[in-house]
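Take a look at the structure set out below.
The values are calculated or read from the model by the stated rules, or taken from the named source; none is laboratory data. Computed from a prediction, not measured in an experiment: that's the story for all the values here. Heads up, the Cβs are rebuilt from the backbone with ideal geometry, glycines too, and the neighbour counts pull from every protein chain shown.
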Amino acid sequence: VTTLKPGDAAVFDLAYTLDNSGNSLSSPTNIIVTPPNETHTVTLDWPAGAGDIKGAYTDVQVYPTHTTK
């Protein structure tokens, strides 16, 4: 469980198989996240410089959050 106080920040890791073929059909520009214990989503920019996704968007896995402290 990650508990954030006002002003705190959290990070999470994305994992997926890289497509180095140059033929990837997945080109995300953002990711929609629903924070734990929330009902609304937050739209974040896709990480700059992230490699192309091999497979579908659904193949991207999100690993648990942790605070930046």
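Can you name every residue in the range 12-29 that is surrounded by 10 or more Cβ atoms within 10 Å (Cβ to Cβ) and either among the aromatic types (Phe, Trp, Tyr) or closer than 22 Å to Thr68 by Cα (or both)?
Residues satisfying the conditions are Phe12, Asp13, Leu14, Tyr16.
Looking at Thr2, Thr67, Thr58, can you tell me which residue is modelled with pLDDT under 80 and either basic (Lys, Arg) or touching a Leu at 6+ places or on another chain (Cβ under 8 Å) (or both)? Let's see the steps before the verdict.
Numbers: Thr2 fails: either basic (Lys, Arg) or touching a Leu at 6+ places or on another chain (Cβ under 8 Å) (or both); Thr58 fails: either basic (Lys, Arg) or touching a Leu at 6+ places or on another chain (Cβ under 8 Å) (or both).
None of the other options fit; the residue is Thr67.
His40: of a type outside the set (Gly, Ala, Ser), touching a Ser or Thr at 6+ places or on another chain (Cβ under 9 Å), surrounded by fewer than 10 Cβ atoms within 10 Å (Cβ to Cβ) and closer than 20 Å to Gly7 by Cα, yes or no?
Values: of a type outside the set (Gly, Ala, Ser): yes; touching a Ser or Thr at 6+ places or on another chain (Cβ under 9 Å): yes; surrounded by fewer than 10 Cβ atoms within 10 Å (Cβ to Cβ): yes; closer than 20 Å to Gly7 by Cα: yes.
Criteria met by His40.
Considering only residues that are in a strand (DSSP E or B) and surrounded by 10 or more Cβ atoms within 10 Å (Cβ to Cβ), look in the range 43-62 and name the one that is nearest to the chain's Cα centre (by Cα).
Step one: filter the range 43-62 for residues in a strand (DSSP E or B), giving 43-45, 53, 61-62.
Retained after the next criterion (residues that are surrounded by 10 or more Cβ atoms within 10 Å (Cβ to Cβ)): 44, 53, 62.
Values: Leu44: 8, Ile53: 12, Val62: 6 Å.
Within the range 43-62, the match that is nearest to the chain's Cα centre (by Cα) is Val62.
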